[in-house]
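Structure record follows, encoded as structure tokens.
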Amino acid sequence: MRPDHSLNARYFDDVFASTDDPWSLASSRYEAAKFDTSIAAIDDRRYAACLEIGCAHGVFTQRLAQHCDTVTAVDISQRAVDLARVRNAASSNVLVERLAFPADVPAGRFDLIVLSEVVYYWSDDDIARAAKAIRRVAAPDCRLLLVHWTGETDYPQTGDAAVNKLDAALGSAIVECADRHAEFRLDLWRLA
């Protein structure tokens, strides 16, 4: 892939056409460890409003809902949104919407924004647009949680490049945590 083109809705709709869980989010040990590590990083407080960008079929959304008063979970794929709505139907504090972030930005202000394995799907231009959109919807002292696989990809960015480019585009994010694990990196930033 090229860093000048983001992956589009058709790409993700095609991924979800063959299976409801294309990345084994509900069953793999890697995903369970990643989700556990992510929750441990943010579990020192309760959040009023969380924005989860790239929710897929809502497995991590369920975990976030236990730590947040409200969760707005968005995905570019309509099939993913449909599945996430079903999975989270019992959680009255979860709203799932189809949005192509950063072109589409949800209303509201958020004190936690989650980008778990999503930034590397974006072009350099969309990373810059995402930084502006994040700044626009971030509440004071908003936390930004990024988790990305660090292996080889055929996406527009590698995990490391995606995080570094978003960091540069955001400017002045305060690093609260920067952990590297065997297969993924976790970055927790506070937006001042």
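Bear in mind these aren't lab numbers, they're just calculated from the coordinates by the rules spelled out. As the structure is a prediction and not an experimental result, all values here were calculated from the model. Using ideal geometry, Cβ is built from the backbone for each residue, glycine included, and neighbour counts are taken over all protein chains shown.
Have a look at the DSSP beta bridges in region 9-191 and tell me what percent are antiparallel, nearest 5.
On the way: 15 of 36 bridges.
Expressed as a percentage, antiparallel bridges in region 9-191 total about 40.
Mind telling me which of 133, 48, 40 comes out most flexible in a GNM of the chain, alpha-carbon contacts under 10 Å?
Between 133, 48, 40, it is 40 that shows the largest mean-square fluctuation.
Which GluC sites (Glu not before Pro) in region 116-192 sit in a loop by DSSP (not H, G, I, E or B) and have at most 13 other Cβ atoms within 10 Å of their own Cβ?
Details: sites: 117, 152, 176, 183; in loops: 117, 152, 183.
Passing both the DSSP loop test and the Cβ count: 152, 183.
May I ask which residue of 70, 158, 28 lies farthest towards the positive end of the charge dipole of region 9-191, with charges of +1 (Lys, Arg) and -1 (Asp, Glu) on Cβ and the Cα centre as origin?
70
Under the rule of -39500 (n - 2.57) per DSSP H run of 4 or more residues, summed and divided by the residues of the chain, what mean residue ellipticity at 222 nm is obtained, to the nearest 500 deg cm²/dmol?
For the chain, the value works out to -10500 deg cm²/dmol.
About the Cα centre of region 9-191, how large is the charge dipole given +1 on each Lys and Arg Cβ and -1 on each Asp and Glu Cβ? Please answer in debye to the nearest 20.
The dipole of region 9-191 has a size of about 500 debye.
Along each principal axis of its Cα atoms, how long is region 9-191 end to end? Whole angstroms, biggest number first, please.
The principal-axis extents, from largest down, are 40, 36, 32 Å.
Provide 61, 153 in ascending order of the number of other Cβ atoms located within 10 Å of each residue's Cβ, fewest first. Intermediate results must be reported in sequence, preceding the final value.
Details: 61 25, 153 16.
Listed from fewest to most nearby Cβ atoms, that is 153, 61.
Among DSSP beta bridges lying fully in region 113-192, give the percent that are antiparallel, nearest 5.
80
Towards the positive end of the charge dipole of region 9-191, with charges on Cβ (+1 Lys, Arg; -1 Asp, Glu), say which of 145, 128, 106 has the farthest Cα.
106
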